Amino acid sequence: MRDVSGTTQVTLKKGTADPALFALLAELPRESVVEVEGTPRRSEKSHRGVELFPTSIRVLTRAEVPLPLGVVDKVGADLDTRFNHRVLDLRKPGVRAVFELRSALLDGFRRAFLERGFLEVETPKLLRQGAEGGATLFRVDYFDRPAYLAQSPQLYKQMLIGAGFERVFEIGPAFRAEPSDTVRHLTEFTSLDAEMSYIDGADEIRSTLESVVAETLRYARDRLGPRGNPLADTLPVATPPFPRIPFATCEEWLGRPGAEQDLGTEDEKILGTRVMQELDAPFYFITDFPTAVKAQTFYAARRDDNPKLTGYFDLDFRGVEMASGGPREHRVAALRQNLESAGFDPANFEGYLEAFRFGMPPHGGWGFGVDRFVWALAGLSNIREARLFPRDRYRLEP
Ligand code: AMO
């Protein structure tokens, strides 16, 4: 008998137990829901240390046969079969453990932010305008005009800085029409966004991010360990400050100095291995992204001392990007210019730009992929396994 706390051995002894109970259990399909009353007895054989000898068994619902997906079978099913029958798949204790980790991480993040004076906010997901590049925008019919699903809360979290909220965070859905079918991209994911005012350069953002990550991991380990979650012991210890590796150094390591080419999946893996070997660090920042690489990221500030560079960074964990962020352009004239050079019409951004026209503090922040984090921490083969009901190019149900 299985419930959320684990499995309990239910034992019927021939000769002493009611024959009707025997008959009932002999024909009751697996995964049916039952209510059992009986006497618990200490038992060495059972992994809980206790066996239940039933006096009555009530069938609350009978499962149909055959099961489309075995819950207790040792043989693994392929991912598609698992997602097609996800409710059964989620009954497996090892799968549930992933979502206990996820819940603990979300709770840890919230606590860490609230302790640091951040306000939790929720911004619109139906938009007139995207922020992260047109190729991954989902268009929806919005009455008599088109609208788009938010790729990130970028414009709104910045507008809330203009509203004087000073420090905000959001944990919410983000949508990207990712045309590629990879193990690290979803079309619907959870983004953890933070934005903070009056920052004194990119390092203030990074040190906030690394302390939030370290604290969250500690919290998750402390919460999951006593509950017997097997993932608790596998969580890495994150010790700030994480190494900061300039983008230019990464290019040298990749054998293409000065190429100003964005980092691809394979590049990130190579860098992750090198950082692990040389610095023994699972978490590290890649800093000072060139303006050429961030040309589309119109909200990223170009450095005053060197306009060829931004203060933008990625946070990587063992060769996979978890977050990106940096200081923003808070001067409206420069922001308009960035929009234009990125090929956007500033007229489509008037609502956003207005927030910059009447007093905007210097600010910056980051976007962090919650699903990427769960995927990497739980050692899952595919990011889809980090979501209850994943969405990708081909999957819209269940
Ligand atoms: P970016 O586009 O790098 O930055 O996204 C931030 C983080 O979100 C995660 N992520 C994804 N996870 C799963 N599937 C996807 N398709 C996907 N796309 C992104 C990654 C990534 O690091 N507005 C900026 C952030 C900022 O500057 O504050 C942004 O969205 O973990």
Would you mind listing how long segment 103-168 runs along its three principal axes, going by Cα atoms, in whole Å with the largest first?
43, 30, 22
Can you give me the Rg/Rh ratio for the chain, using Cα atoms for both radii and the Kirkwood formula for Rh?
1.07
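Tell me what the chain gives for mean residue ellipticity at 222 nm when only DSSP H runs of n ≥ 4 count, each as -39,500 (n - 2.57), the sum divided by the residue total, rounded to 500 deg cm²/dmol.
Details: 11 runs with 122 residues, N = 398.
Helices in the chain give a 222 nm mean residue ellipticity of -9500 deg cm²/dmol.
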Using each residue's phi in segment 99-111, evaluate 6.51 cos²θ - 1.76 cosθ + 1.60 at θ = phi - 60° and report the 3J(HN,Hα) Karplus result to the nearest Hz, with x for Gly and Pro.
7, 5, 4, 4, 5, 5, 5, 4, 5, x, 4, 4, 4
In nm, give the distance between the simple-model label positions of residue 74 and residue 382, each being 7 Å from the Cα along the Cα-to-Cβ direction.
2.4
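Arrange the following residues from fewest to most other Cβ atoms within 10 Å of their Cβ: 95, 59.
59, 95
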With 10 angstrom as the radius, rank 368, 53, 143 by how many other C-beta atoms surround their C-beta, starting from the fewest.
143, 53, 368
If you build the convex hull over the alpha carbons only and average its shadow over all orientations, what do you get for segment 131-259? Give it in nm² to one decimal.
12.7
Ranking 312, 148 by Cβ neighbours within 10 Å, fewest first, what do you get?
148, 312
Please compute the length gained on full extension between residue 183 and residue 357, using 0.36 nm multiplied by the number of residues separating them and subtracting their Cα-Cα distance.
58.5 nm
With a Cα-only, solvent-free Debye model of segment 235-372, what are the log10 I(q)/I(0) values at q = 0.16, 0.22 Å⁻¹?
-0.87, -1.32
In sequence order, calculated HN-Hα J values of segment 167-174 (Karplus, 6.51, -1.76, 1.60; Hz; x Gly/Pro)
9, 10, 9, 9, 10, x, x, 10
Quote the convex hull volume per residue of segment 2-66, based on C-alpha atoms, as a whole number of Å³.
102
Neighbourhood charge, 11 Å Cβ-Cβ cut-off, centred on residue 260 and excluding it, Lys, Arg +1 and Asp, Glu -1
+1
With r defined as the distance between the Cβ atoms of residue 331 and residue 114 and R0 fixed at 22 Å, what FRET efficiency is calculated, to the nearest 0.05?
0.10
With +1 on each Lys and Arg Cβ and -1 on each Asp and Glu Cβ, how big is the dipole of the chain about its Cα centre, in debye rounded to the nearest 20?
1300
Using a Cα-Cα cut-off of under 20 Å, which lysines could be cross-linked to residue 13, ignoring same-chain neighbours fewer than 8 residues away?
45
Karplus-derived 3J(HN,Hα) from phi for segment 33-43 (6.51 cos²θ - 1.76 cosθ + 1.60, θ = phi - 60°), whole Hz, x at Gly and Pro, runs 9, 10, 10, 10, 10, x, 10, x, 10, 4, 8
Residue 311 long-range amide H proximity, modeled H, under 5 Å
301, 303
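Could you grab the relative contact order for segment 93-386? Cα pairs under 8 Å, six or more apart, rounded to a whole percent.
Here the relative contact order equals 20 percent.
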Which of 242, 343, 253 sits farthest toward the positive end of the charge dipole of segment 242-398, with +1 on the Cβ of Lys and Arg and -1 on the Cβ of Asp and Glu?
343
Ratio of Rg to Rh for segment 313-398, alpha carbon only, Kirkwood?
1.13
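Bear in mind these aren't lab numbers, they're just calculated from the coordinates by the rules spelled out. None of the values given here were measured: they were computed from a predicted structure. Here Cβ is always computed from backbone atoms with ideal geometry, including for glycine, and neighbour counts include all displayed protein chains.
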